[in-house]
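What follows is one structure encoded as structure tokens, with my remarks underneath.
Only the coordinates and a few stated rules stand behind these numbers; no lab work does. Treat the numbers as computed from the prediction; the structure is a model and nothing was measured. Note: ideal-geometry Cβ built from the backbone for every residue, glycine included; neighbour counts use all protein chains shown.
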Amino acid sequence: QVLLVESGGGLVQPGGSLRLSCTAPEDIFSRNVMEWHRQAPGKQRELVAQISSSGITFYEDSVAGRFTISRDNAKNTLYLQMNELTPEDTAVYYCHGFRGITNYWGRGTQVTVSS
């Protein structure tokens, strides 16, 4: 059973924007850190951005200043606003959360940046 569900991926031209969303059950989302990861073809999955339950954020260097992670605790929804996209941002983007010591992943949403 997949508990985290991503949406919002697609094809976008270089310089464009996309907004990803991820819904999660309350016991995974509330009071827990939530993360976005991505995996490009032939590469390892990497952390893109992270947000604590209180809104403290962390960004991987290559996306800092272009991507914004946010959360709506009332809707148990995580967001990733991606601006100034480049072909190097092409990847499958995954939502990641925790319940206790158990990790939960979504199935991912494809983001393709190409002209």
>> Just to be sure I understand the filter: pairs with C-beta atoms under 8 Å, separated by 6 or more residues or on different chains, first member in the stretch 101-115 and touching a residue at least 60 places away in the same chain (Cβ under 8 Å), second member basic (Lys, Arg). Which pairs pass?
In response: VAL111/ARG38
> If you scan the stretch 19-47, which residues turn out to be within 13 Å of ASN103 (Cβ to Cβ), touching a residue at least 60 places away in the same chain (Cβ under 8 Å) and aliphatic (A, V, I, L, M)?
Replying inline: ALA24, ILE28, VAL33, MET34
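Residue-by-condition table, conditions (1) within 16 Å of VAL5 (Cα to Cα); (2) of a type in the set (Ser, Thr, Tyr):
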{"site": "GLY55", "(1), (2)": "no, no"}
{"site": "PHE67", "(1), (2)": "no, no"}
{"site": "ASP72", "(1), (2)": "yes, no"}
{"site": "LYS75", "(1), (2)": "yes, no"}
{"site": "PHE98", "(1), (2)": "yes, no"}
{"site": "THR102", "(1), (2)": "no, yes"}
{"site": "GLN110", "(1), (2)": "yes, no"}
{"site": "VAL113", "(1), (2)": "no, no"}
